[in-house]
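The block underneath contains the structure these notes are about, expressed in structure tokens.
The values are calculated or read from the model by the stated rules, or taken from the named source; none is laboratory data. None of the values given here were measured: they were computed from a predicted structure. Cβ atoms come from the backbone with ideal geometry, glycine included; neighbour counts cover every protein chain shown.
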Amino acid sequence: MNKLPAVIAFCIFSLSALAQDNPKYDKALAEKLGGDDYGMKSYVFAILKSGPYKPTEKAITDSLFRGHIKNIQRLAAEGKLVVAGPLGKNDKEYRGIFIFNVKTIDEANALLQTDPAIKAKVFDTEVFQWYGSAALPEYLKYHEKLEKKKF
């Protein structure tokens, strides 16, 4: 007697038993944030690293970094940038990260070119697709309540 159909049926039943419905699931929120069945979505992750241009005049450096911060704030306000921050010193010359709330690397690259420090080549970038929680953008509304000083 062939036991293969019974084994296949048992495997399918076992796998379906592992995937359980979440009683806390909020369909409207998941749709608003673009979450899939696992509450996840695609983002674009960028690593900023030291670029070839190293301005020697403080006024130029200050201007580029003011523009860099203003651009970060603008992109965050538009909902395009959900994470940005510097990295500690390291031997790879990585300077910071961005996580963009966009679907494609091309979209992220276009946004990166709006940053004056990147355009001036103070920073170079490495860009990757990244899969993370669709809830990630929601933390920004709480951050505003935590920051005592603004840049």
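Residue check: residue 125 meets all listed conditions (1) surrounded by fewer than 16 Cβ atoms within 10 Å (Cβ to Cβ); (2) of a type in the set (Val, Ile, Thr); (3) touching a strand residue (DSSP E or B) at 6+ places or on another chain (Cβ under 6 Å) but one, namely (1). If you go through the range 115-134 and keep only what is under 11 Å from the mean Cα position of the chain (by Cα) and not polar (S, T, N, Q), you end up with 127, 128, 130, 131, 132, 134. Can you work out which of the residues in the range 85-100 that are of a type in the set (A, V, I, L, M, F, W, C) and touching a residue at least 12 places away in the same chain (Cβ under 8 Å) is nearest to residue 51 (Cα to Cα)? Filtering first and then ranking leaves 97. Residues in the range 28-55 that are over 15 Å from the mean Cα position of the chain (by Cα) and basic (Lys, Arg) were compared, and the one that is surrounded by the most Cβ atoms within 10 Å (Cβ to Cβ) is 49.
Annotation: of all residues in the range 56-86 being of a type in the set (A, V, I, L, M, F, W, C) and not in a helix (DSSP H, G or I), the one that is surrounded by the most Cβ atoms within 10 Å (Cβ to Cβ) is 81. Scanning the range 9-27 for residues that are modelled with pLDDT of 70 or more, surrounded by 11 or more Cβ atoms within 10 Å (Cβ to Cβ) and assigned to a helix (DSSP H, G or I) gives no hits.
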